[in-house]
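Heads up, the thing below is written out as structure tokens.
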Amino acid sequence: MSPKKAKSSPPVSKRAAPPAGRNKFLTLLAGIVVLCVGLYQAIGLRWVSDDAFITYRYVKNFVEGHGIVYNPGEYVEGYTHFLWLLILSVAKAIGLDPVDASMWLGIAAYTGILILFLIISRKEQKRNSHSEQNSFFIPLAALLLALNYDMAVWASGGLETALYTFLISLSFFTWFYTELETKKKLLTTGCILLLATLTRPDGALFILAAFGLLIVMGLKQKISFAITARSIGLLVLPVLAFGIPYLFWKYSYYGDIFPTTYYAKSADQNYFGQGFFYIWLFFRVYFSAGIALVILGTLAIVRKIRFHTSKDVSSADKFMTGGSPVIAASTAIVIYLVLNVARVGGDFMFARFMIPVLPLIYYLIESLVNRLALFPKFRFAVPIALICFVVLETGLREKVLFHFDQKSGQLAGNWDGPDGGETHGIADERWVYMRKRFLLNGVERGSLDVYCDIGKYYEPFFEGLPVTVAITGAQNMIAYYANFHTCINEYGLTDKFIAHMPITGRGRIGHEKMAPEEYLIKRGVQLQFFSVVQKLPEQRSWDMAAFEIPEYGIWQIAKVFVYDKPIMDELFRRFRAAGIRAMLPKYEMIMPLYLNTTMPSLPVEQVKEDYESFKRLYFNRYPDPAAQKRIEDYIAQKSKS
């Protein structure tokens with residue numbers, strides 16, 4: 001009998017493995033490339049959104065001693081990022097411009113995200129590698145993040161997005177990829193999740209996800225109730241210790257635990273149809289991520305891949321450290337997208353609400369690629385294909401969000417049509433403010449630059465005046481730099497009455513409620529600011545005002561709601577002293593002209609309409625019995641005939 005043949009081992013490549021030192025160098029080089037690509041894109045795309053200027057006004061008032069308020073004396077929580085506001089307040093207090101600080105702090109947080117996922121990729125590669133000589137790797141998740149256009153857009157923007165995403169990523173990293181002792185790890189993770197929740201309230205959903213994972217792991221591995229309770233207690237201790245007192249402070253300071261923006265955006269009502277469309281629109285652009293998750297996830301299920309912690313870890317420690325990072329990331333993504341993004345209807349800004357979980361999405365893709373070991377002979381093929389797709393998706397993004405307008409010969413947003421157009425009102429917010437839509441003195445300028453300059457231009461004219469103004473969208477930057485005494489955001493973001501108004505139908509998120517005229521009159525609004533124009537309309541209403549901005553050769557239109565003679569006189573005096581035109585109605589001069597020249601030629605119905613306007617604008621505050629009697633007599637006489 002011939003001896004039993006030994007099981008043949010796979011052939012060994014004759015090519016020598018590269019030296020370990022060379023692989024370390026290539027690994028370091030890969031990390032540097034990721035950071036350079038990401039920072040080049042993020043710095044080049046840096047910008048500030050109009051909504052961020054609401055926060056800057058809060059910061060200004062807080063640092064100047066008026067409290068955390070939008071208007072002095074009005075306690076309204078018109079922000080959703082308490083921690084971000086505090087950070088910017090510290091920046092302003094030490095002499096930094098909060099606008100610049102918000103951009104660069106956001107980019108710093110974005111850099112932190114890339115570094116975290118570079119480290120995670122390296123740790124995962126070492127965990128799965130059999131030898132140091134085979135340790136060169138592609139940090140797929142970090143590289144995809146660095147190449148993603150919208151990730152770079154929201155690295156700045158002036159809002160809390162990058163910081164919030166960094167804190168979510170840091171909590172994930174701390175839980176699964178640090179060597180902290182178990183109790184310290186849970187406490188530290190709880191502290192980071194608390195900071196995330198203070199940065200944006202929906203951070204509580206990630207606490208909920210961690211809470212649920214610990215319970216499920218405890219039940220699955222038959223861990224005692226005492227260990228389960230102790231583990232959960234360590235995780236939520238920071239929230240209980242600081243979060244509950246914070247909620248009491250919010251209620252005592254603002255009269256509500258929910259921010260005003262929660263009601264202004266009708267987040268208390270489900271809007272799943274729009275929310276799932278928001279998610280779908282993101283994956284329609286970044287289709288490679290969605291397809292990769294579906295295909296790789298299906299293959300993982302078919303191959304029965306198990307995602308768990310090291311076999312050397314005890315069951316109790318596996319439980320107390322959360323088990324599988326892949327399952328944890330998947331759970332967090334689903335809970336966040338369904339209970340937050342889909343439920344509230346997403347956002348009117350494209351991709352912003354997707355950014356916090358985008359690092360976890362790319363982490364899942366990298367983990368699935370590594371664990372499935374697809375096509376070992378072509379182990380770089382799948383990552384390279386994904387990288388190419390992300391680059392191509394930037395071009396696809398333009399086709400999804402824009403169209404070429406034949407009339408203007410320029411790109412136009414697909415959100416400008418009826419009912420929000422093809423994108424249901426979801427806009428590329430950066431493009432809206434950064435595109436060169438103004439041609440001023442032969443130079444093309446974007447809305448951000450022009451509106452900021454207009455606000456700075458207004459500031460000396462309105463300084464010290466107890467004026468109340470109303471602003472619509474895209475004018476928060478004017479309100480910040482002009483430093484109006486009292487400002488009402490007509491969408492209710494900083495006003496409790498408007499925010500709590502009922503809605504008759506759903507539409508564009510954050511733009512469904514509008515201040516009624518009766519409320520603006522009740523608030524004593526002197527001026528309601530409108531658009532910027534290069535030429536004044538030929539026909540002008542009795543309540544129209546306009547301010548010249550001579551540097552740009554443009555005018556800003558406004559409407560007078562409540563005529564305040566001392567304020568109007570002082571504004572007129574200030575503009576005239578500066579040699580600048582300001583068209584401000586002076587009703588004590590308008591009335592004789594109207595009574596003697598205009599009224600006799602008008603139909604009675606028009607006179608009735610004018611009279612109601614004059615009462616609102618002028619007579620209710622400055623009664624003129626003689627003028628009012630002439631109008632009333634005219635109406636009575638014409639009505640009889």
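The values are calculated or read from the model by the stated rules, or taken from the named source; none is laboratory data. If you're wondering where the values come from, they're calculated on a predicted model, not measured in any experiment. When we count neighbours, we look across all protein chains shown, and the Cβ atoms used for this are built from the backbone with ideal geometry, even at glycine. Side chains included, ligands, DNA and RNA excluded: accessible areas come from the protein's heavy atoms. Shrake-Rupley method; radii C 1.70, N 1.55, O 1.52, S 1.80 Å.
Structure data summary
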| item | result |
| --- | --- |
| Among (1) within 27 Å of residue 74 (Cα to Cα); (2) at pLDDT below 90; (3) not aliphatic (A, V, I, L, M) - the single one residue 539 does not satisfy | (1) |
| Residue among 195, 281 that is among the aliphatic types (A, V, I, L, M), modelled with pLDDT of 95 or more and open to solvent by 30 Å² or more (accessible area, probe 1.4 Å) | 195 |
| Number of positions in the stretch 257-278 that are hydrophobic (A, V, I, L, M, F, W, C) and open to solvent by less than 20 Å² (accessible area, probe 1.4 Å) | 2 |
| Residue count for the stretch 413-435, restricted to those that are open to solvent by 20 Å² or more (accessible area, probe 1.4 Å), out of contact with any Gly (no Cβ under 6 Å at 6 or more places or on another chain) and of a type in the set (A, V, I, L, M) | 1 |
| Residue within the stretch 530-545 that is hydroxyl-bearing (Ser, Thr, Tyr), open to solvent by less than 30 Å² (accessible area, probe 1.4 Å) and not in a strand (DSSP E or B) present | no |
| Residue within the stretch 596-610 that is closer than 26 Å to residue 467 by Cβ, in a helix (DSSP H, G or I) and open to solvent by 50 Å² or more (accessible area, probe 1.4 Å) present | no |
| Condition check for residue 491: modelled with pLDDT of 90 or more, under 25 Å from residue 275 (Cα atoms) and among the aromatic types (Phe, Trp, Tyr) | yes |
| Among (1) of a type in the set (A, V, I, L, M, F, W, C); (2) over 21 Å from residue 278 (Cβ atoms); (3) surrounded by fewer than 21 Cβ atoms within 10 Å (Cβ to Cβ), the one test that residue 396 misses | (2) |
| Qualifying residue in the stretch 276-293 (condition: under 21 Å from residue 184 (Cα atoms), in contact (Cβ under 8 Å) with a residue 40 or more places away in the chain and of a type in the set (S, T, N, Q)) | no |
| Residue pairs meeting the criteria (Cβ under 7 Å; at least 6 apart or on separate chains; first closer than 17 Å to residue 593 by Cα, in the stretch 611-629; second among the hydroxyl-bearing types (Ser, Thr, Tyr)) | 617/563; 617/587; 618/563; 618/587 |
| Elements of type helices (runs of 4 or more DSSP H) contained in the stretch 156-244, each with 3 or more residues being within 19 Å of residue 110 (Cβ to Cβ) and not β-branched (Val, Ile, Thr) | 161-177 |
| Single condition residue 535 does not satisfy, out of (1) within 25 Å of residue 607 (Cα to Cα); (2) free of Cβ contacts under 8 Å to residues at least 24 places away in the same chain; (3) charged (D, E, K, R) | (1) |
| Qualifying residue in the stretch 198-206 (condition: under 17 Å from residue 357 (Cα atoms), in contact with a Gly (Cβ under 8 Å, 6 or more places away or on another chain), modelled with pLDDT of 95 or more and surrounded by 24 or more Cβ atoms within 10 Å (Cβ to Cβ)) | no |
| Qualifying residue in the stretch 347-363 (condition: in a helix (DSSP H, G or I) and open to solvent by 10 Å² or more (accessible area, probe 1.4 Å)) | no |
